[in-house]
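The structure appears below as structure tokens.
Read the figures in this text as sums done on the coordinates, not as results from a lab. What you see is a predicted model, and the numbers here were worked out from it, not measured in a lab. Here the Cβ positions follow ideal geometry from the backbone for every residue, glycine too, while neighbour counts run over all protein chains shown.
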Amino acid sequence: MATENIFAEILGRVRRAAEALAAAGALPAGLDQSRVTVEPPRDPSHGDMATNAAMVLAKDAGKKPRELAEAIAETLRADDLVSSVEVAGPGFINLTLKPAAWLDALRTAVRTATRYGAGDVGHDTPVNIEYVSANPTGPLHVGHCRGAVFGDALANLLAFAGFKVTREYYINDAGAQVDVLARSAYLRYREALGEDIGEIPEGLYPGDYLKPVGAALAAQHGSALRDQPEANWLPIIRATAIDMMMALIREDLAALGIVHESFFSERSLHEARNGAPSKIAETIAFLERKGLLYRGTLPPPKGKVMEDWEPRELLLFRATEFGDDVDRPILKSDGSPAYITPDIAYHRDKFERGFKIMIDVLGADHAGYLKRLNAAFEAVSEGAATLDVKVCQLVRFLREGQPTRMSKRAGEIVTVRQVVDEVGRDAVRFMMLYRKNDAVLDFDLAKVIEQSRDNPVFYVQYGHARGQSVFRNAREIFPDLPQNNAELADNAELHRLSDPNELALMRRIAMYPRVIEAAAQAHEPHRIAFYLYDLASEFHALWTLGNAAPHLRFIIQDDRQMTAARLVLVKGVVTVLASGLALLGVQAPDEMR
């Protein structure tokens, strides 16, 4: 068979069974089989795989689902990979495969090595993933950590699945917060010149991380900026402060193993270019041409009484035509862009750069912004692109099960660097992905460094290290074993691996390409973390079983061929563990002490 994705292989055989029935006149020709799937059954006792073919084809075929299921099942029973076929419920088809199918899948996994599970479901489609995008006003704090790890792992996953991925950071360098940054840095500049600046005034950033900015400004400009009016010094100091804060943020991201290919400046959307209007002006003109803007007033915000509300005529975007609750201002009453306007221009710019799939990773505080963002995107993309907004929920930090307040540096924030320094990059990345992104995550600073099954990152990494130790020990006993994985897999007597636990581990390995495909399509990298834990658990269980049943040990000292076959199984495990951990941005250690 020699296919990397056994689920895709069986799906093809199910579809060919339906085509054979059509060729025989038992079904109409040309049935749309795009909704036919093959998945693991929810209950493993139902078999290895289940297909919905009869359920989704019955209506167009003019047959009852169970009647059609019986016909498809009869055809599949003759398949050389299929051991048994059962029709269940209203028309589901459950299949059990012959052991040879799993042996072949294992051999393929070992031969394919690091590319096992890599797919072409993306067809090289350009995807823009925008994540982190913290305001450039200080180091990354822990509130940014989950979205940073999620976005980066998702980018790895989509690239592995065949998409052409661009990792993008949107620099919020045009809002009021960067003017506050500049004023805060100005105080540190004066401090670097020898002034006693006293307490940092409320409303400015108090962190010591701005002291190097002040020192750099003093070294570059001396006292030249001190006595100038704010209008003169603010843009100079703002530019330096933003550059230095972004350098600090890049260092924090590097501590997490994250590198973006693209950094997009919000300020660039506001600036005219070579006599051409700004991106924001172009976007407003585009919306006007489409008839999506009008002048009007809005009702008072929720919680406001009419006496406190002064209605003003504004330029409004017809957001309600695209599913939003209310129409949204495009310009403020002073003529400056409203909050949503740069976001509309930014997504239009991404669309013009050729991205037909865009993913925005936002924090929990942006959950209320989704309707207006989706409405804006629909307007500028005109249905020719898709936007998936992923919201990462809060992280609750615990220590031995109890809520904890980490010690604070850099003003009043807890930084990403503090967490990485305390527990390590691997623990941070794996645990930030060990829950679905939209669920609140408990992160126990004590548990994630335990060497126990209760610590998922240790348990998975230990699975890889344990597998590598098997190889080292086996080669001490059998030094003539092939060093080349493909040669080992091709020559091993895999048919001797017949224990149910060994076959179950092969099935788990064979699921990996399907897990990659499904996780990529759903934009859910947490599925990889869950899968790796399950794979490691089955591997550890088989190791433990060998202690009680010596004939199941991976190394049989008087049986080189059985040892070689079991080494192929171990190689399949470590290959997939290493691949999945790499997608999560986590190391796969060869040894753990």
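With a point put 7 Å past each Cα toward its Cβ, work out how far residue 200 is from residue 364 in nm, to one decimal.
2.5
Which of the listed residues, 163, 182, 193, is farthest toward the dipole's positive end in the stretch 149-207, when Lys, Arg count +1 and Asp, Glu count -1 at the beta-carbon?
The Cα lying farthest towards the positive end belongs to 163.
Nothing charged except the Cβ atoms of Lys and Arg (+1) and of Asp and Glu (-1): what's the magnitude of the dipole of the chain about its Cα centre? Round to the nearest 20 debye.
500
Let me know the charge dipole size of the stretch 530-593 about its Cα centre in debye, to the nearest 20, where only the beta-carbon of Lys, Arg (+1) and Asp, Glu (-1) is charged.
80
Just how large is the dipole of the stretch 176-255 about the Cα centre, in debye to the nearest 20, putting +1 at every Lys and Arg Cβ and -1 at every Asp and Glu Cβ?
Dipole magnitude for the stretch 176-255 comes out near 220 debye.
Residue separation times 0.36 nm, minus the C-alpha to C-alpha distance between residue 453 and residue 223: what's the value?
Gain on extension, residue 453 to residue 223, equals 76.8 nm.
With the crude spin-label approximation of a point 7 Å out along Cα→Cβ, what separation in nm comes out for residue 274 versus residue 400?
Each label point is offset 7 Å from its Cα along the Cβ direction, giving 6.5 nm.
Can you tell me which aspartates and glutamates have their Cα less than 19 Å from the Cα of residue 164? Leave out same-chain residues fewer than eight positions away.
Hits, sequence-local ones excluded: 120, 124, 130, 152, 261, 349, 352, 360, 388, 517, 524.
Which FRET efficiency value, to the nearest 0.05, do you get for residue 43 and residue 476 by plugging their Cβ-Cβ distance into 1/(1 + (r/R0)^6) with R0 = 41 Å?
It comes to 0.45.
Measure up 211/436; 59/356; 371/436; 59/436; 350/371; 279/371 against 30 Å on the Cα-Cα distance and list the ones that go over. Could the numbers behind the result be given before it?
Numbers: 211/436 39 Å; 59/356 33 Å; 371/436 21 Å; 59/436 35 Å; 350/371 19 Å; 279/371 23 Å.
Those over the limit are 211/436; 59/356; 59/436.
For a distance above 23 Å, tell me the whole-number percent of Cα pairs in the stretch 452-584 that qualify.
Roughly 33 percent, rounded to a whole number.
At 222 nm, what helix-only mean residue ellipticity would the chain give, in deg cm²/dmol to the nearest 500, using -39500 (n - 2.57) for each DSSP H run of four or more?
Value at 222 nm, helices only, nearest 500: -15500 deg cm²/dmol.
Towards the positive end of the charge dipole of the chain, with charges on Cβ (+1 Lys, Arg; -1 Asp, Glu), say which of 366, 90, 521 has the farthest Cα.
90
Give me 558, 79 sorted ascending by neighbouring Cβ count inside 10 Å, so fewest comes first.
Least crowded to most crowded, the residues run 558, 79.
Points 7 angstrom from Cα along the Cβ direction at residue 469 and residue 302: gap in nanometres?
Result for the modelled spin labels: 5.6 nm.
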